[in-house]
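Taking it in order: structure first as structure tokens, then the write-up.
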Amino acid sequence: MFFLKLLSRLPLSVLYVLTDCLYLFIYHIWRFRRNLSLSNLRNSFPGKSEQELEQIARLAYRNACSMIAEVLKGAVMGREELRRRVRIQNIEILERFTREGQPVVLLASHHCNWEWLLLASCLELKIAVDAVYKPLRVGAIDRFMLEMRSRFGGNPIPVKEFLTEVLR
């Protein structure tokens, strides 16, 4: 955990350089799950050429590695920098319900930086924000992620406990 906290103190531009190197290693050298990814892309986009599928895979891996840099930075990023980087549009729609004490369920895909979205939601909504997550196998990384997700009042809920929490 010390190493992750140390890395999070680096400027985001340096973290991006490091994760670009990580991308090169994971995708081009180690080829981590590359065949599986390409197979899934072939099934999802049968009309795309192998070149197009390869480009989609490269972009997806690069995006995933960039997310690592952003997750690390999310552990120390200040409120104003986060607000500058993440803007929630039409938040007044939600505020009407939260003022009346009604629960609101928001769903987000893994298309954006959902970690920063959680942090920004905690800042902008000014209410407790529950977020479902799947605990990670490496304890130190899981603790780092829980600490980061809780920074501005987020309440991470393990997926196995989600139904109980919703019913409560």
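When the Gaussian network model of the chain links Cα atoms closer than 10 Å, the mean-square fluctuations of Leu107, Leu72, Leu18 top out at Leu107. Net charge dipole, the stretch 7-124: roughly 260 debye, given to the nearest 20, about the Cα centre with Cβ charges of +1 for Lys and Arg and -1 for Asp and Glu. A cut-off under 15 angstrom between Cβ atoms defines the neighbours of Arg33, and their net charge, with Lys, Arg +1 and Asp, Glu -1, is +4.
Distance between the C-alpha centres of the stretch 106-160 and the stretch 45-97: 14 Å, rounded to the whole angstrom.
A crude spin-label estimate for the pair Leu107 and Glu81, with each label 7 Å from Cα along the Cβ direction, gives 3.4 nm.
Residues whose amide H falls under 5 Å from that of Val132, counting only those 5 or more places apart or on a different chain, are Ile157, with hydrogens built in the peptide plane. With a Förster radius of 25 Å, plug the Cβ-Cβ distance of Asn43 and Asn90 into 1/(1 + (r/R0)^6) and report the FRET value to the nearest 0.05. The value I calculate is 0.10. Computed from the C-beta positions of Ala140 and Leu24 and an R0 of 22 Å, the FRET efficiency is 0.30 to the nearest 0.05.
Each label was represented as a point 7 Å from its Cα along the Cα-to-Cβ direction; for Val14 and Val166 these points are 4.3 nm apart.
Suppose we take every Cα in the chain and form the convex hull; what volume per residue is that in Å³?
157
Counting only alpha carbon atoms, the long axis of helix 12-23 and the longest principal axis of the chain meet at about 40°. The modelled label-to-label distance between Lys126 and Asn35, using points 7 Å beyond Cα along the C-beta direction, is 5.6 nm. Taking only the C-alpha atoms of the stretch 1-77, Rg followed by Dmax gives 14.9, 47 Å.
Rule-based calculations on the coordinates, nothing more; no lab input. Owing to the predicted nature of the structure, the values given are computational and were not obtained by experimental measurement. Ideal geometry is used to build each Cβ from the backbone, glycine not excepted, and the neighbour counts take in all protein chains shown.
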